[in-house]
Each structure stands twice: as C-alpha cells, then as structure tokens.
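*Asks:* Handing you this structure, nothing more for now.
No lab work stands behind these numbers, since they all come straight from the coordinates. The structure presented is a predicted model; accordingly, all values stated were derived computationally and were not measured. Neighbour counts are summed over all protein chains in view; Cβ atoms, including those assigned to glycine, are modelled from backbone coordinates with ideal geometry.
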Amino acid sequence: MAAIEPRFPELGFYTLAGQAETSRDLIDEVRAAEALDLGWAFISERYDKKEAATLSGAAGAVSDRIGIATASTNHNTRHLMVTAGYARTMQSLTGGRFVLGLGRGIARMQDAYGIDRITTAQMEDVAGLLRRLFRGEAVFGHDGPAGKYPVLHLSSDLDEYLPLGLTAFGPNSLRLGGRCFDQIVLHTFFTDETTKRAVETVKNAAADAGRDPDDVKVWSCFATVSDLIPEERRLMKTVGRLATYLQGYGDLLVSTNNWDLAVLERFRADETVAGFQGGLDVAGTPEVLAHVATLLPDEWLAPMASGSPADCAAAVKGQLALGCDGVIMHGATPAELEPIVAAYAG
C-alpha cells in the first residue's frame, strides 16, 4: 500500500532548532512533525551534535511519509563518493523521500578549519557528477571545478534521479539553483521585497535553462516564533539568531535586503557585541540579548511570523503569496508549531 501523503506538503520545519541538549530530540521531533502532517523535515549541519548524515539516517528510520532534506551540507567536507553513497543510502532507506541539499558555507568558518571555500562552479559541477552517478554512469578522468577524480561509480544497475537542493543567498547561487537544482532554500530574515526578487531570479533562471519553473521549488526560511513561547526563548530565537547572522556575514544580509550599512557598523562597534565570544544565539544571556535588541531596528526583525498562532499562520500564508512554493517554519519545534499549524488549517 502506498504511503499516505502529508496534508501540508508546503510546510516544513528544521530539526533540533536552537541549541538542543541532545541529538536524540530529533526522533520525537520527526515523529511529531509527521503527526502534524508537515511535508518536510530539514536538517542543518553544525559539527557539534548535528552532523547531517547521522541525523538524516535517524530521521529516515523513524518516519514513513515526511520528506527529509539537508539544508544544508557542504560537498567538500566528504569525498564525493562518500556523499553519493550517503544520498543513495538515504534514498533506499526512505523509499525516495530524501533530498540532498548543498550550500556554499560560511567563509570565515571554512578559513578557520582549513576547508577550501566553495564556488558556484564547483557546486554546479558536483550536481552534474551526482546526477550521472545516480544514472549508473561510470565517470573516468574527471578534471573540473569539483576536483580531479580518476574514477567515480556507484552501480551500473542504478538508474534513478537524485533530487538536489541548494541553500541560496546571492544572485549567482539563486541562478545556479534555477539552472540545475530541484529546490532552493532562501535565507531567514529576507524582506518581502528580497523574497519576491529571489523567487523571480530562481524561476527566470529555470526558464532560461529550458526547465519548467514550476518544477523548481523555492522554500522561504521563515522565522516562526509565537507569543506562546516564553520571552527569554523568543529573544534567543529572534534577536539572538539575527544578531548571529550579522556577526557572521552581516554585510551580505544587509546589502541583500538594502538595509542601512551604518546600522550594521554601529552594531559591530558596540562594546558588548565587539567583545562577545561566540554566537549570540548560543551564549547570549537574556541581559545581553535585551541590550542587543536596542541595536536592531524594528524593520530588521519584522520579516518573521510572530504574535498569536493565528497571526503566525497568516504570516506563513503571506510567504506563499509572495511566490514561494513552501515555507520552513524556522526556529520552532513541532510542539511549538502545533497551534500554528492548527490555525493554518483553519
């Protein structure tokens, strides 16, 4: 008997939102999300307790119908054959419910760890190689942006299509997604104008590449924090998360949204921020986050779902109205999302 499709294929969530005490929380979260009829569980990767392949396997093992996608992992932290084998194993484990989502990564972290920075050309080359491997091809003597490989091969009996995702920020990545990926995950705290522009960029690139734009799904990554969540946790999920993005790649986010760079400079120059060790969404105390909140304009925190569950549901629907094909309700567990999904269902 075929599995029953989720009621809300256009809705997703991130597993282990925030700083989960244990990776095992994923098991209950995925089961709860499936009970809510959410369409997708997205897995982000941090090296501390959130290694993507391990979490993917656990999510696949305890679920029956929810889609599972990485958003994202980096292609250059594993050998390409290891990544291909991971994706093939996940497709087998889940009956085809897996999407391998790749991303460019954070340059400062890559530099610190001695990992090569990722280029658009590399990701496009990797996508082509993975698709060839899933068609059962043997690749000999490849020498391209993704690297040099004497031989790449999974199985001559294999003839499948590997769905690929891409977390995209700037125009080059967005156009790449439209050209050769199946789903694109946008960044959190995109303004409505930025979101619409990103969707148009992806869809136009798909059309220019001779693809059906409707076949390329664009996901809004939309911070969703209702007023049912205690205030201290709300601060961490909103102010803390945005501030951490500004710490890591503030210039890119601010310029993408056409925000005032002078505000970012004042944020960085603030004594508390400048002297803070680590991410503000990890180690920021309520007192620190309350101070940081005074540095951020209201308009910078506006692109999110907040207020009552009904308010949040309406905001989620607003992302679909902007042209997005789906909404990842970011920063909330399935338990926190339950009243929002109920309001969404009407």
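*Asks:* What does the charge count around Ala121 come to, taking other residues whose C-beta lies under 14 Å from its C-beta (Lys +1, Arg +1, Asp -1, Glu -1)?
*Replies:* 0
*Asks:* Determine the percent antiparallel among the DSSP beta bridges restricted to segment 10-115, to the nearest 5. Walk me through the numbers on the way to the answer.
*Replies:* Details: 1 of 11 bridges.
Around 10 percent antiparallel, to the nearest 5.
*Asks:* Sum up the charges of everything whose Cβ sits under 13 Å from the Cβ of Ser155, counting Lys and Arg as +1 and Asp and Glu as -1, but leave Ser155 out.
*Replies:* Values: positive: Arg88, Arg132, Arg135; negative: Glu137, Asp157, Asp159, Glu160.
Once positives and negatives cancel, what remains is -1.
*Asks:* Quick check: the distance between the Cα centres of segment 13-66 and segment 270-314, to the nearest angstrom?
*Replies:* 25
*Asks:* For the residues Phe222, Phe276, what sequence is obtained by ranking on other C-beta atoms within 10 Å, fewest first? Write down the numbers at each step before the final one.
*Replies:* Details: Phe222 25, Phe276 16.
Neighbour counts put them in this order, fewest first: Phe276, Phe222.
*Asks:* Helix-derived [θ] at 222 nm for the chain: sum -39500 (n - 2.57) over DSSP H runs of at least 4, divide by residue count, nearest 500? The partial results should precede the final answer.
*Replies:* Values: 16 runs with 160 residues, N = 346.
Helices in the chain give a 222 nm mean residue ellipticity of -13500 deg cm²/dmol.
*Asks:* What residue among Thr285, Thr83, Thr238 has the largest mean-square fluctuation in a Gaussian network model of the chain, using Cα springs under 10 Å?
*Replies:* For the chain, modelled as a Gaussian network with Cα springs under 10 Å, the answer is Thr285.
*Asks:* What percent does the relative contact order of segment 64-129 come to when contacts are Cα pairs within less than 8 Å and at least six residues apart? Working shown, then result.
*Replies:* Values: 59 pairs, mean separation 25.2, N = 66.
About 38 percent, as a whole number.
*Asks:* Most exposed first by the Cβ proxy, i.e. fewest other Cβ within 10 Å, how do His330, His187, His79, His142 rank? All intermediate terms of the calculation are to be shown ahead of the outcome.
*Replies:* Numbers: His330 25, His187 21, His79 13, His142 17.
Going from sparsest to densest Cβ surroundings: His79, His142, His187, His330.
*Asks:* Answer with one residue from Leu158, Gly178, Gly240: the one whose Cα lies farthest towards the positive end of the charge dipole of segment 154-240, charges on Cβ with Lys, Arg +1 and Asp, Glu -1.
*Replies:* So the residue we want is Gly240.
*Asks:* Can you list residues whose amide H is under 5 Å from Gly307's amide H, if they're 5+ apart or on another chain and H is modeled 1.01 Å from N?
*Replies:* Answer set, sorted by chain and number: Asp227.
*Asks:* Let me ask another. Quick one: putting +1 on the C-beta of Lys and Arg, -1 on the C-beta of Asp and Glu, what dipole do you get for segment 245-346 around its Cα centre, in Debye to the nearest 20?
*Replies:* 160
*Asks:* Subtract the Cα-Cα distance of Lys317 and Ala112 from 0.36 nm times their separation in residues, and report this length gain in nm to one decimal. Before the final figure, lay out the partial values.
*Replies:* Working: separation 205, 0.36 × 205 = 73.80 nm, distance 3.96 nm.
Stretched out fully, the Lys317 to Ala112 stretch lengthens by 69.8 nm.
*Asks:* Hey, another quick one. Are there trypsin sites (Lys or Arg not before Pro) in segment 254-346 that DSSP puts in a loop and that have at most 16 other Cβ atoms within 10 Å, and which ones?
*Replies:* Working: sites: Arg266, Arg268, Lys317; in loops: none.
Loop-located and lightly packed - none at all.
*Asks:* If R0 is 25 Å, what FRET efficiency do you get for Ala20 and Ala293 from their C-beta distance, rounded to 0.05? Intermediate values should be presented prior to the final figure.
*Replies:* Working: r = 24 Å, r/R0 = 0.95.
So, using R0 = 25 Å, E works out to roughly 0.55.
*Asks:* For Arg31 and Asn258, what is the calculated FRET efficiency with R₀ set at 51 Å and r taken between the beta-carbons, to the nearest 0.05? Can you show the working numbers first?
*Replies:* Details: r = 41 Å, r/R0 = 0.81.
Computed FRET efficiency for Arg31 and Asn258 comes out at 0.80.
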